[in-house]
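Down below is the structure, laid out as structure tokens.
No value in this document is a laboratory result; all are computed from the given coordinates. Worth saying up front: this structure is predicted, and the values here are computed from it rather than measured. FYI the Cβ positions are ideal-geometry reconstructions off the backbone, even for glycines, and counts take in every protein chain you see.
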Amino acid sequence: MPSRLTNLLKALTWNDFPRANRPEPAPNATAHGAQIGVEIVNQGLGLDHPAGGGVHIRDSIHVDIRYRRDQSWVASWVFNRPQPYQDGLLAHEQGHYNLVALLGRDFFLALMRLKATTYPNAAAAQADLTAASTATPSKAQAVQDRYDAATQNGTNATQQARWLGFITTAFTMPLSPPQTAADGVSIKVPILAVLAQNGIVI
């Protein structure tokens, strides 16, 4: 099967989150109301040795943005709060998913660029694969930690809007100069580049 990226786009609802009995915060206090589990899973990485010599990365890569229901929850008390609070918290959790999804997208695109390379040996190919993984998927937790710290787990409306703006930019702004993927779709600015342009270096 040709290389593919799956689950880049997922619209979360509260039905995706198991409910958890957590202590409700006192009036004017804050508490962690939800948590999401999401990870980048890559499968099918392999090498081909064509008859003409050299080594190629096999066109069988599958990068999946995997929602982990078993690592996700929402506190039952959240549904005692006004609808705007519930909506804001869900938007914050969606931000977590989207940040990891964008990292997964950028990782997949990096692998697709490597796939066009003819390597002299397997070690050289593996070195590039390792570097691609270190450059993007390995930073998922650090990105999410910065997001939570900056937005105070979604309670700082100004910072929350700022980070959602970063996500929108990474989903919609084409690279300059323009580049297109193999399927003809315009390649967008990597999320780590968007963050770096705004003084957030991971």
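Summing -39500 (n - 2.57) over the DSSP H runs of n ≥ 4 in the chain and dividing by its residue number, what mean residue ellipticity at 222 nm do you reach, to the nearest 500 deg cm²/dmol? Working shown, then result.
Details: 5 runs with 82 residues, N = 202.
So the helix-based figure for the chain works out to -13500 deg cm²/dmol.
Round to the nearest 10 and give me the degree value, 0 to 90, for the angle of helix 157-172's Cα axis relative to the longest principal axis of the chain.
That works out to roughly 30 degrees.
Could you please rank Thr117, Thr130, placing first whichever residue has the fewest other Cβ atoms within 10 Å of its Cβ?
Going from sparsest to densest Cβ surroundings: Thr130, Thr117.
Could you derive backbone 3J(HN,Hα) for segment 6-18 from the dihedral phi with the Karplus parameters 6.51, -1.76 and 1.60 (θ = phi - 60°), listing whole Hz in sequence and x where the residue is Gly or Pro?
Per residue, the Karplus-derived 3J(HN,Hα) values read 10, 6, 4, 10, 9, 8, 6, 10, 5, 5, 6, 10, x Hz.
Please tell me the relative contact order of the chain in percent, rounded to the nearest whole number, where contacts are Cα pairs under 8 Å and at least six residues apart. Mind showing how you got there, number by number?
On the way: 284 pairs, mean separation 42.1, N = 202.
Relative contact order, the chain: 21 percent.
Based only on other Cβ atoms within 10 Å, what is the fewest-to-most ordering of Trp73, Trp163, Trp14? Could you put the intermediate results ahead of the total?
Numbers: Trp73 19, Trp163 24, Trp14 15.
In increasing order of surrounding Cβ atoms, one gets Trp14, Trp73, Trp163.
So how much slack lies between Ser76 and Ile187, counting 0.36 nm per residue of separation and subtracting their Cα-Cα distance, in nm? Don't jump to the answer; show the numbers that get you there.
Working: separation 111, 0.36 × 111 = 39.96 nm, distance 4.03 nm.
Answer, rounded to one decimal: 35.9 nm.
Using the Karplus curve 6.51 cos²θ - 1.76 cosθ + 1.60 with θ = phi - 60°, what ³J(HN,Hα) values do you get for each residue of segment 129-142, in whole Hz, with x for Gly and Pro?
Values, residue by residue: 5, 5, 5, 5, 5, 5, 6, 10, x, 5, 9, 4, 5, 5 Hz.
Return the whole-Å distance between the Cα centroid of segment 49-94 and the Cα centroid of segment 130-152.
What the calculation gives is 13 Å, centre to centre.
Taking the Cα centre of segment 4-197 as origin, work out the dipole magnitude from +1 charges on Lys and Arg Cβ and -1 charges on Asp and Glu Cβ, in debye rounded to 20.
Values: 16 positive and 14 negative charges, 20 e Å.
Dipole about the Cα centre, nearest 20: 100 debye.
Given Cβ point charges of +1 (Lys, Arg) and -1 (Asp, Glu) and nothing else, what value in debye, to the nearest 20, does the dipole of segment 105-202 about its Cα centre take? Each step should come with its number before you reach the end.
Numbers: 7 positive and 5 negative charges, 19 e Å.
That gives a dipole near 100 debye.
Going by how many other beta carbons lie within 10 Å of each one, how would you line up Phe107, Phe171, fewest first?
Neighbour counts put them in this order, fewest first: Phe171, Phe107.
Stokes-Einstein at 25 °C, 0.890 mPa s, Kirkwood radius from Cα pairs: D for the chain in µm² s⁻¹? Kindly include the intermediate steps, with their values, before the conclusion.
Numbers: Rh = 18.6 Å.
The diffusion coefficient I find is 132 µm²/s.
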